[in-house]
1. If contacts are Cα pairs under 8 angstrom and at least 6 residues apart, what is the relative contact order of the range A:36-174 in percent?
2. If one puts a single equal scatterer on every Cα of the range A:31-581 and applies the Debye formula without solvent, what log₁₀ I(q)/I(0) results at q = 0.07, 0.09 Å⁻¹?
3. Cross-chain or 8 or more residues apart, Cα under 28 Å: how many lysine pairs in the range B:40-225 fit that? Count them up, please.
4. At 7 Å along the Cα-to-beta-carbon direction for both B:Ile91 and A:Phe30, put a label point, then send me their distance in nm to one decimal.
5. So which trypsin sites (Lys or Arg not before Pro) in the range B:59-110 pass both tests, a DSSP loop state and at most 15 other Cβ atoms within 10 Å of the Cβ?
6. With bins 10 Å wide starting at 0, give me the P(r) of the range A:493-622 over every alpha carbon pair, in whole percents.
7. Strictly over 18 Å apart at the Cα level, which of A:Lys290/A:Lys344; A:Lys433/A:Lys548; A:Lys290/A:Lys547 would you flag in this model?
8. Taking the Cα centre of the range B:40-225 as origin, work out the dipole magnitude from +1 charges on Lys and Arg Cβ and -1 charges on Asp and Glu Cβ, in debye rounded to 20.
Amino acid sequence: MTTVEHSAVIAQPRPLLARPTKTSGWTSWFTTIDHKKIGIMYGATALIFLVAGGIEALLIRLQLWRPNGTILTAATYNQLFTMHGTTMVFLVGMPLAVAFGNFLVPLMIGARDVAFPRINMLGYWVFLFGGIFLYSSFLFGSAPNGGWFGYTPLTSTPLAHGFLPSRGPDFWAVGLIMLGIGSVTSGVNFIVTILNMRAPGMTLLRMPVFVWMTFIIAMLTLFALPPVTAALIQVYMDRNFGTNFFNAAQGGDPLLYQHLFWLFGHPEVYILILPGMGIVSETLPVFSRKPLFGARVVVMSGIAIGFVGWGVWVHHMYATGLGPATTTGFGIATMAIAVPTGVKIFNWLGTVWGGAVRLTTSMLFSLGFIAMFTLGGLSGVMHSIVPSNAQQHDTYFVVAHFHYVLFGGLVFAIFSGFYYWWPKAFGHFLSEKMGKINFWLLFIGFNLTFFPMHIVGLQGMPRRTYTYGAGHGWELLNQMETVGAFIIALSVLVFFVNVIASRIRNDVAPADPWDGRTLEWSIPSPVPAYNFLEIPEVHEFDDFWHKKYTEDEEGRLVRLPSGGSDAGQHEVSDGSHIHLPSPSYWPMVFALGLPISGYGFVFKNWLLVGVGVAVLMFGLTAWLIEPDTAHEDH
Amino acid sequence: MTAVAEEAPALGAGHDGGGHDGAGHDGSDHGHTTNTGVSNTKLAIWAFLSSECLFFGSFIASYLLYRGRDTNFQKAGLIKTAFKPQELFNIPFTSATSFILLMSSLTMVLALAALQRGDERRFRIWIASTALFGLTFISGQVFEFTEFYQKGLRLSSGTFGSTFFVMTGLHGAHVTVGIFWLLSLYQRSLQGKLGPEKAEAVEVAGLYWHFVDIVWILIFTVVYLVPYHK
């Protein structure tokens with residue numbers, strides 16, 4: 001942003017609804033519409049929620065340390081496992097994907113920002129307020145307690161004669177509707193940005209694989225969130241207005257809820273895992289010094305997963321008795337979706353194979369991702385087989401499976417991404433030494449926690465149950481799991497220490513520290529507000545790499561003298577001539593209206609709903625009529 | 001979710017290669033090109049409407065699942081009372097208000113055409129007519145809801161009361177948001193801030209408005225026109 005001339009400020013009083021001008025200092029974080037800052041805010045907030053969800057998990061593991069544990073009551077346990085699942089899916093997994101997407105997509109496609117910076121800002125504040133809203137339920141003693149899946153009629157029966165004697169399900173339904181609004185706005189933003197704002201020559205098939213995966217999850221988000229929003233509205237109406245959507249006594253059908261929920265819930269699994277696949281598709285080629293093996297096939301496999309992901313939801317519902325034709329069809333689709341997933345795994349292995357591998361922390365996490373995700377994928381294929389699924393249903397085997405996919409998959413990839421892009425975001429490296437401690441603790445802790453769950457699960461230990469009896473032979477394995485969980489916590493603590501220590505030590509990173517392949521490495525670290533001084537022109541896949549290297553007659557890599565980076569240009573010009581949109585207050589005001597209305601809906605206080613809507617409309621109106629720029633000074 | 005659609009005319013961050021001071025504020029205007037040739041704003045509204053399809057699709061699917069169930073359950077003795085939709089509905093009346101809603105799509109098109117020609121006076125006439133037709137439809141819905149309520153139909157009347165009120169009510173809420181959107185365009189035009197160069201803002205509102213009309217065609221068919229079993 002240009003510095004404002006003082007004379008202009010004095011001469012002209014600031015008009016009503018003037019846009020804020022500060023782009024540095026702590027207050028600027030509240031008004032920023034810079035995609036990089038918003039990405040960092042998404043990441044930081046998601047990490048705080050990760051700690052909250054992690055503490056819930058540790059309490060669960062303490063309760064299950066020994067049979068007939070008494071640390072938690074059944075009611076508290078229900079709240080903790082519900083909030084653990086809800087947090088990890090909606091407040092950690094999805095926002096971390098949006099964090100990376102926000103920060104990276106414009107940099108990778110050669111754009112100055114996303115298509116709608118203020119809507120982007122809105123998405124963040126809706127996420128933050130939605131998360132706080134959900135967690136505030138603890139203050140009312142009404143934390144959600146019907147599971148992250150919220151099955152009806154457990155959750156939908158009215159409070160007065162309900163099974164769940166609290167407003168937990170109301171908080172849950174209203175909170176998730178709110179978070180869904182944020183997700184849909186960020187989905188629309190990603191789709192438009194990726195389709196419309198690519199640099200010249202950046203055709204769809206020249207886009208980095210991470211951008212492709214972000215595009216696919218944006219599409220999935222767009223189509224997966226509405227069914228669950230509809231289902232949550234129905235749950236809310238059933239609880240508070242006596243409708244009979246899921247009330248079997250009046251002809252309602254609780255199974256309808258499961259269909260609507262899993263029509264969202266399964267694509268949601270791919271919304272969570274595809275960003276991880278995108279991240280390792282970027283790190284593995286760089287740390288193997290080889291192009292991504294079959295990059296187009298990886299993209300096509302991602303698209304195939306995106307499509308087939310819509311036809312597998314019933315595998316969550318085999319135990320409901322939908323009949324052989326239905327379960328067979330969905331079973332086959334579930335097996336089929338393993339094919340593009342397996343193709344990707346072989347592509348990653350092919351990338352590493354024969355490469356000049358550098359075992360950095362980021363690479364270790366990526367390799368860990370491949371191994372752990374493959375294990376999770378294998379137990380996933382086991383679930384597609386209907387009779388065996390019926391045996392495993394609602395046991396810890398399922399818990400083991402999806403933690404291998406989402407923790408072993410997504411979380412490992414996210415950490416890989418942190419270590420890889422940290423220099424780009426903050427201009428300094430994270431400590432590799434502590435990073436390796438971080439990785440090995442996480443790897444050991446993770447397997448110690450979740451591998452025994454396969455065994456106790458096959459032995460019949462039920463999930464979602466606050467305790468278990470003695471004498472089943474589950475004691476030792478559960479104790480291993482609890483120890484593992486604390487090792488995971490230690491590992492996350494090491495990561496946070498690393499973040500702080502590395503910031504103090506400030507090991508300054510150059511523009512291209514890893515010898516990268518994609519456009520974000522062609523600009524300085526940390527990235528200036530305007531991203532690219534000159535919008536780059538792209539000629540091929542991995543364009544930046546090909547600007548740095550060529551091959552001699554024998555096919556050996558030769559570094560070009562110019563090096564391809566435009567970091568040098570940035571020293572010549574400070575980019576102050578580049579016009580960037582000004583920060584804004586109003587998306588945050590708009591977002592603030594949502595939780596206010598939310599409390600009104602939960603406590604059936606229509607005045608409060610009205611106040612929330614008024615705040616929202618005020619924010620919206622100001623947003624629409626505020627000037628495009630801070631000052632008419634040019 | 002609907003309110004967000006109104007945000008579409010937000011910033012398109014300067015994607016114009018730099019140096020063009022002041023250009024690229026409005027996503028679509030100022031003639032700079034996008035990769036697809038479709039402006040950011042228009043692409044965003046299409047994406048948003050595609051999402052809305054699934055939203056209404058879920059409610060229509062719920063309605064279809066429960067269609068006629070109350071009567072069957074009553075015959076089987078599973079529930080005590082059941083409303084017969086065909087005895088509640090006043091199909092000529094609802095057909096008339098539906099026709100008015102569909103005609104509002106025509107006036108919407110005429111409004112856009114007028115603005116593109118630069119005829120701002122006719123634009124205001126047509127956009128006001130569109131809002132008025134929408135308002136007529138909503139009044140019809142309010143009248144219908146009141147009548148059904150007086151005949152005893154409640155949200156808690158079996159699955160028919162639940163699915164009917166919630167689905168048509170959410171559609172009505174969408175129409176209401178649309179009316180406010182149209183009125184805000186009318187207001188901007190009165191202030192002289194909506195010239196032919198801003199025609200896309202009207203086009204985007206029009207896409208939303210047509211979408212809401214099309215959804216009503218589906219709901220009207222499924223709820224009113226397809227005969228119920230006796």
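1. 28
2. Scattering profile of the range A:31-581, log10 relative to I(0): -0.40, -0.66.
3. 6
4. 6.0
5. Passing sites in the range B:59-110 are B:Lys80.
6. Cα pair-distance distribution for the range A:493-622, in percent: 10, 22, 18, 20, 17, 9, 3, 1.
7. Among A:Lys290/A:Lys344; A:Lys433/A:Lys548; A:Lys290/A:Lys547, the Cα-Cα distance tops 18 Å for A:Lys433/A:Lys548.
8. It works out to roughly 240 debye.
A short reminder: the numbers here are calculations on the coordinates, not readings from a lab. Just so we're clear, the structure is a prediction, and the values are computed from it rather than from any experiment. As a convention, Cβ positions derive from the backbone with ideal geometry for all residues, glycine included, and neighbour counts pool all protein chains shown.
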